[in-house]
């Protein structure tokens, strides 16, 4: 008996010895993901994790730098024709991680594959502006007139009509260039063993545990400074924080509620305003929200600044307008809707609702959203608008707003590519009502025509002027309750050098990040 | 032995209608709950046509009855289908993840039984009343503490403050990674086991056979082990057996907190993303496991207490 207990104690003390450290030594940059990518196939990458990692493995014709500037990727350089409808790309010599040379035919293959009706890619619209893309997406009949490959290293893309944001679309994960022999050989399996010409190559994917990328030695550009990236999949925020605290992670996104803790102690906090807007969409097709006075009143009834200060711990900037700061050429419009419950009640009375009305605001399950909407509910209650909060989980919520069921919904919009266009066309062009992004059913002919004009406009300054006018109109029409542009906070381990939060989610390729 | 065999065969045959019920209910539930699976596959910006194409590809455009019949047909061939989202066979993922959940559940069960019985014994013993009261307090805390909070507390204590165990992860199955999640998962059941053991032991102390054993001059430990505990253990087995199913499914929270790549997280992911084949496959698998475990519990009664006869008629 005694021997057994001695052995037990020895075992336990060996196991629990502080010297067998809990820190896992690793030559790799250790990162955490909240959700696991569904696939690394560019054609099916729709969520944040999939798109971000797929962009590390694949190259595009062009890409964004961490600062959000367009830069060459596979295309060494390119020319745009006078009429803005023909783009000629000259490819740099490059190799896929499997060893094959990247040819113009791979670009053709990847783009045709994205558009092919057989592929059923939810992101085919990324290349929807190519000449003949619509017809091709219906029939799948080759050749696609919008793409031409005169030789091994030249790709000519023709557009249906000029689209000033086209290069931004080409930098999206969906437009990643895949190895055509691998895709043909692997079929749906490609998503789990991708072969791209990006700076990193997938070395290991242990489901629900970890994804390991190692340096792609065949990458033609300047090679990444570190040997590899490991992405641990840790769903719980508190657990991610614990892993960072013991030193098992090199990078941590800090939740806003923890800001004070991390501001006061430890390594410096990185901060950036995200390319994201948070709003409460109003159902513009339905009374009383079809009346602009009501919509303006709702905007003025809520003290957004106070909610930011107390519920978001200061981690956001009030949205006067819809285009985030980083994408602007001129300052935000002046605040049209300062907190003024008196004026809000006047407007409601003018619109014929002196005693207010009842409405529902729908939200997806999310603790922070819940706290925010409870404040909103209280503010609106003070001007006589009774709010019922309805919570659904994501897929049911999405279904409801697609069907236009709710009076109003709490939602946000992330940039697909860093361009003001991405915050205007999808959200407010009448052709994008519903699944296209305009979920409040907003229709304004002059906004539509200004946006169409901007798409044809090659001159940056002129284009910005058009966007500015669109924003001004939309802001005045108040199809939403405008809330804020949230900030993102990250913290890095002392050993990590050269990291910055990318402007766009797939802009950080960890090339210059090292120990 | 023949009796036991007959019993087992009978129970296994009974499995079929139960599973058919499970299959049918989960299948119907998929279509009753709100949320469209194809919406989970398209992101924030899409067109109706893509939704229709996806529905067609996944067979969701067919009449419900036809989908059901086809589904049963696949099940008959032991085909659980392919995940809508990852395009990976569901059975493959389940076989990969189930052993990890099983490891976690079995470890938690072992901890619960061993420590729960010990604590229950101490509480019932009565020689050290203070210790007994402390044990009861512990069991009260054990059933009341939320798993989530306990998990974080253990991480804070053992990983951050003491630096002796890793905060989360699977570590390729290494024991060090198993300890915290297993303890977390075991606590509430450990408390229940302790309470049941205590009342069983107290009851047994009053029985004639214990008095006889003591009167024979047997050592207290022998009395406890051979006479008291053995009788007090029958309800414990029932509880652990009944709890085992909830270990498997209840490990969801524990798996999330500790980043444990088990079946629980798999199901939650499936539910959140309306991945029908994943939900259906995993629920069915859980149901089979649950029924089998119950069967084993029933059989084990016979070994612990030979007076309990399987199959109804006593002799």
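Quick rundown of the values:
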quantity	calculated
Residue within segment A:3-26 that is at pLDDT 90 or above and more than 12 Å from chain B (Cβ to nearest Cβ) present	no
Members of segment A:384-414 found to be free of Cβ contacts under 8 Å to residues at least 60 places away in the same chain, away from chain B (no Cβ under 11 Å) and in contact with a strand residue (DSSP E or B) (Cβ under 9 Å, 6 or more places away or on another chain), listed by number	A:386, A:387, A:388, A:389, A:390, A:391
Hits in segment B:257-268 - residues which are at the interface with chain A (Cβ under 9 Å from one of its Cβ atoms), in a helix (DSSP H, G or I) and closer than 16 Å to residue A:206 by Cα	B:265, B:266
The lone exception for residue A:48 - which of (1) more than 15 Å from the chain's Cα centre (by Cα); (2) surrounded by fewer than 23 Cβ atoms within 10 Å (Cβ to Cβ) it fails	(1)
Residue ID - surrounded by the fewest Cβ atoms within 10 Å (Cβ to Cβ), chosen from residues in segment A:430-459 that are within 14 Å of another protein chain (Cβ to nearest Cβ) and without any contact (Cβ under 8 Å) to a residue 60 or more places away in the chain	A:431
Any hit, segment A:468-480, residues being without any contact (Cβ under 8 Å) to a residue 40 or more places away in the chain and under 26 Å from residue A:70 (Cβ atoms)	yes
Residue ID - nearest to the chain's Cα centre (by Cα), chosen from residues in segment B:53-71 that are within 14 Å of chain A (Cβ to nearest Cβ), exposed (fewer than 15 other Cβ atoms within 10 Å of the Cβ) and part of a loop (DSSP other than H, G, I, E, B)	B:59
Some residue of segment B:122-145 being within 14 Å of chain A (Cβ to nearest Cβ), at pLDDT 85 or above, more than 17 Å from the chain's Cα centre (by Cα) and on the phi < 0 side of the Ramachandran plot	no
Qualifying residue in segment B:189-208 (condition: within 29 Å of residue B:270 (Cβ to Cβ) and either at pLDDT 90 or above or assigned to a helix (DSSP H, G or I) (or both))	yes
Which listed residue is outside any helix (DSSP H, G or I) and free of Cβ contacts under 8 Å to residues at least 40 places away in the same chain, from A:356, A:370, A:381	A:356
Qualifying residue in segment B:280-303 (condition: within 14 Å of another protein chain (Cβ to nearest Cβ), at pLDDT 80 or above and part of a helix (DSSP H, G or I))	yes
Within segment A:258-267, considering residues that are more than 14 Å from every other protein chain (Cβ to nearest Cβ) and touching a residue at least 60 places away in the same chain (Cβ under 8 Å), the one surrounded by the fewest Cβ atoms within 10 Å (Cβ to Cβ)	A:267
Of all residues making up segment B:72-98, the number that are within 13 Å of chain A (Cβ to nearest Cβ) and not in a loop (DSSP other than H, G, I, E, B)	10
Any hit, segment B:232-243, residues being assigned to a loop (DSSP other than H, G, I, E, B) and either over 30 Å from residue A:36 (Cβ atoms) or at pLDDT below 80 (or both)	no
Single residue of A:420, A:487 found to be in contact (Cβ under 8 Å) with a residue 60 or more places away in the chain, surrounded by fewer than 22 Cβ atoms within 10 Å (Cβ to Cβ) and either within 18 Å of residue A:68 (Cβ to Cβ) or in contact with a strand residue (DSSP E or B) (Cβ under 7 Å, 6 or more places away or on another chain) (or both)	A:487
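Residues are listed down the side, and each one gets a yes or a no for (1) touching a strand residue (DSSP E or B) at 6+ places or on another chain (Cβ under 6 Å); (2) surrounded by 13 or more Cβ atoms within 10 Å (Cβ to Cβ); (3) more than 14 Å from chain A (Cβ to nearest Cβ); (4) in contact (Cβ under 8 Å) with a residue 24 or more places away in the chain:
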site: B:113; (1), (2), (3), (4): no, yes, yes, yes
site: B:160; (1), (2), (3), (4): no, yes, no, no
site: B:170; (1), (2), (3), (4): no, yes, no, yes
site: B:179; (1), (2), (3), (4): no, yes, no, no
site: B:188; (1), (2), (3), (4): no, yes, yes, yes
site: B:193; (1), (2), (3), (4): no, yes, yes, yes
site: B:216; (1), (2), (3), (4): no, no, yes, no
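The values are calculated or read from the model by the stated rules, or taken from the named source; none is laboratory data. Please read these numbers as outputs of a predicted model, since none were measured by experiment. A quick note on method: Cβ atoms are made from the backbone with ideal geometry, for glycine too, and the neighbour counts reach across all protein chains shown.
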